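Beneath this line is the structure, given in structure tokens, with notes to follow.
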Amino acid sequence: MSNIEKILKTWKTVFTVNDLKKILDTSNSSSIRKFLSKTWKKQTFLNLYYWIWGFSDYDIFELACKINKNSYVSFETVLKKYWAIFQYYETIFLASDKSIEKKTKTHTFKTIKLKSSILFNPIWIENKKNYMIASLERAICDRIYISPNYYFDNLSDVNWDKLEEIAQIYNKRVIKEIKLLRKNYAK
């Protein structure tokens, strides 16, 4: 089996050198560098961010979570995906253990710090195999936690019971705002 076939078998689209060492079962860094050099010249792999490589059709959320360890896709990125907000943001927003902005040649990734007890609570965070992404309801709670009285354009797809369940891991203000949001939306 060729090295490319081994990589394709993982279903990953984004890799670090350490990922490639595991996949190709080698500890030799120079052989990985030679492999990357050849694949880059053939345009099989692109250098996406420092020592992060990927296929030309890489998954942007996978790259976002690879660049930003201990993170999941959330906030406006998820809210826009579910049409809870109508504003367009080119930036990919993530919940993380630190607030930082990182840029590649084509994308901007902004992480927003959440308390560890919230960040590492897996409730309604979907594991998409190569990255983690918040459900609509989790993204709403994340945003309200960071931005009190945030305005949402459309909440027709919200599961209100799930939203109230998720709110319990935040603080009293978030719980109160979610209840008020539900009450106002029911009108």
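The helices (runs of 4 or more DSSP H) found wholly in the stretch 113-187 and carrying at least 3 residues that are under 30 Å from residue 10 (Cβ atoms) occupy 136-146.
So which residues in the stretch 98-116 are charged (D, E, K, R) and either farther than 26 Å from residue 47 by Cβ or not assigned by TED's automatic domain parsing to the domain that holds residue 154 (or both)? Walk me through it before giving the result.
Filtering the stretch 98-116 for residues charged (D, E, K, R) gives 98, 101-103, 105, 110, 113, 115.
Scanning the stretch 98-116 gives 113, 115.
Looking only at residues that are in a loop (DSSP other than H, G, I, E, B) and of a type outside the set (Phe, Trp, Tyr) in the stretch 73-90, which one is surrounded by the most Cβ atoms within 10 Å (Cβ to Cβ)? Selected residue: 74.
Could you tell me whether residue 130 is surrounded by fewer than 21 Cβ atoms within 10 Å (Cβ to Cβ), touching an Asp or Glu at 6+ places or on another chain (Cβ under 9 Å), at pLDDT below 95 and under 30 Å from residue 164 (Cβ atoms)?
On the way: surrounded by fewer than 21 Cβ atoms within 10 Å (Cβ to Cβ): yes; touching an Asp or Glu at 6+ places or on another chain (Cβ under 9 Å): yes; at pLDDT below 95: yes; under 30 Å from residue 164 (Cβ atoms): no.
When the stated conditions are applied, residue 130 does not pass them.
Are any of the residues in the stretch 117-126 over 25 Å from residue 182 (Cβ atoms) and without any contact (Cβ under 8 Å) to a residue 60 or more places away in the chain? Within the stretch 117-126, one or more residues are over 25 Å from residue 182 (Cβ atoms) and without any contact (Cβ under 8 Å) to a residue 60 or more places away in the chain.
Taking first residues from the stretch 26-48 that are in the same structural domain as residue 13 (by TED's automatic domain parsing) and of a type outside the set (A, V, I, L, M, F, W, C) and partners that are loosely packed, with under 12 Cβ neighbours inside 10 Å and assigned to a loop (DSSP other than H, G, I, E, B), the Cβ contacts under 9 Å between residues at least 6 apart in sequence or on separate chains come to 43/56; 44/56. Evaluate the following for residue 143: is it outside the structural domain of residue 10 (by TED's automatic domain parsing), surrounded by 15 or more Cβ atoms within 10 Å (Cβ to Cβ), closer than 15 Å to residue 76 by Cβ and of a type outside the set (S, T, N, Q)? The answer is yes for residue 143.
Contact map, the stretch 68-89: residues that are modelled with pLDDT of 95 or more paired with residues that are assigned to a loop (DSSP other than H, G, I, E, B) and among the charged types (D, E, K, R), Cβ distance under 6 Å, separation 6+ or inter-chain. Pairs shown: 82/157; 85/153; 86/153.
Quick one: would you say residue 93 is out of contact with any Leu (no Cβ under 7 Å at 6 or more places or on another chain), surrounded by fewer than 16 Cβ atoms within 10 Å (Cβ to Cβ) and modelled with pLDDT of 95 or more? Break it down stepwise before answering.
On the way: out of contact with any Leu (no Cβ under 7 Å at 6 or more places or on another chain): yes; surrounded by fewer than 16 Cβ atoms within 10 Å (Cβ to Cβ): no; modelled with pLDDT of 95 or more: yes.
When the stated conditions are applied, residue 93 does not pass them.
For the criterion of being out of contact with any strand residue (DSSP E or B) (no Cβ under 9 Å at 6 or more places or on another chain) and crowded, with 16+ Cβ neighbours inside 10 Å, residue 136 passes. What number of residues within the stretch 1-39 satisfy the criterion of being hydrophobic (A, V, I, L, M, F, W, C), closer than 24 Å to residue 109 by Cα and not in a strand (DSSP E or B)? Count: 3. Each residue in the stretch 136-157 was checked for being within 20 Å of the chain's Cα centre (by Cα) and touching a residue at least 40 places away in the same chain (Cβ under 8 Å), and 7 of them qualify.
The values are calculated or read from the model by the stated rules, or taken from the named source; none is laboratory data. A quick note: this is a predicted structure, and the numbers were derived from the prediction, not measured. Virtual Cβ from ideal backbone geometry, glycine too; neighbours counted across all protein chains shown.
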